[in-house]
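Below: the structure, in structure tokens.
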Amino acid sequence: MNRNTVFNFVMFILLAAVVLGGWWYVDTTFFPKPVQPAKTEEKTPPETKAGPTNPVEKPKPVAPPTQVLPAEPFRLIKLGNEECNTKVWLSTKGAGVQNVVLQAFDHATREGKIHLDDNGQPYPLELIPGYKTPRDPNSVRSKPSV
């Protein structure tokens, strides 16, 4: 080690000690901790203490059980209509988004072709479908028919 490295190490240790000491001083001087009152022991009446005069403790009263209310069924809230570009269904269960449909865009297949219904009309683009869509695990790996 050369002399410059040793000097830098010693200066680092000294500055770190000054910073930590200054931090402690500022913390204790300008931000004092509130003094907590001393805890006093609560004295119990002699009839509830177990001992030679009263060998058995009296049972403590039991609180009545609380009544559990049934969960409120969740509701779906619809935002948008046929004139809007987006239709959104919100759910009150977990504050979730149930369905998001962009009507200005058409749904496409995996190959990029427009997905048509039985009448030949394109499906609107569903960003978040409101139903469970079955997926074939092999469909992603197989090549599309072009």
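The values are calculated or read from the model by the stated rules, or taken from the named source; none is laboratory data. Nothing here was measured: the structure is a model prediction, and the numbers come from that model. Note: ideal-geometry Cβ built from the backbone for every residue, glycine included; neighbour counts use all protein chains shown.
Residues are listed down the side, and each one gets a yes or a no for (1) hydroxyl-bearing (Ser, Thr, Tyr); (2) part of a loop (DSSP other than H, G, I, E, B); (3) closer than 28 Å to GLU72 by Cα:
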residue	(1), (2), (3)
ARG110	no, yes, no
ASN119	no, yes, no
LEU125	no, no, no
LYS132	no, yes, yes
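Just need a number here: residues in segment 5-36 that are surrounded by 10 or more Cβ atoms within 10 Å (Cβ to Cβ) and either basic (Lys, Arg) or touching a residue at least 24 places away in the same chain (Cβ under 8 Å) (or both).
Adding up the residues that qualify gives 0.
Which of the residues belonging to segment 78-102 are surrounded by fewer than 11 Cβ atoms within 10 Å (Cβ to Cβ) and under 28 Å from the mean Cα position of the chain (by Cα)? Give the steps one after another, and end with the answer.
Within segment 78-102, the first condition is being surrounded by fewer than 11 Cβ atoms within 10 Å (Cβ to Cβ), and the residues that meet it are 81-83, 94-95.
Those that are surrounded by fewer than 11 Cβ atoms within 10 Å (Cβ to Cβ) and under 28 Å from the mean Cα position of the chain (by Cα): GLY94, ALA95.
Here's a check for you: in segment 76-90, which residue that is charged (D, E, K, R) and at pLDDT 90 or above is farthest from PRO124 (Cα to Cα)?
Our first condition is that a residue be charged (D, E, K, R); within segment 76-90, this holds for 78, 82-83, 87.
After this cut, where a residue has to be at pLDDT 90 or above as well, the list is 78, 87.
Details: LYS78: 17, LYS87: 10 Å.
Selected residue: LYS78.
Which condition does TRP89 not pass, out of (1) without any contact (Cβ under 8 Å) to a residue 40 or more places away in the chain; (2) under 30 Å from ALA71 (Cα atoms), if it passes all the others?
With (1) without any contact (Cβ under 8 Å) to a residue 40 or more places away in the chain; (2) under 30 Å from ALA71 (Cα atoms) applied to TRP89, the lone miss is (1).
Return the residue satisfying two criteria in turn: it lies in segment 91-130 and is farther than 17 Å from GLY80 by Cα and among the hydrophobic types (A, V, I, L, M, F, W, C), and of such residues it is modelled with the lowest pLDDT.
Filtering segment 91-130 for residues that are farther than 17 Å from GLY80 by Cα and among the hydrophobic types (A, V, I, L, M, F, W, C), the one modelled with the lowest pLDDT comes out as ALA95.
Is it fair to say GLN98 is in contact with a Pro (Cβ under 8 Å, 6 or more places away or on another chain) and in a strand (DSSP E or B)? Reasoning before the result, please.
On the way: in contact with a Pro (Cβ under 8 Å, 6 or more places away or on another chain): no; in a strand (DSSP E or B): yes.
Considered against the rule, which asks whether it is in contact with a Pro (Cβ under 8 Å, 6 or more places away or on another chain) and in a strand (DSSP E or B), GLN98 comes out as no.
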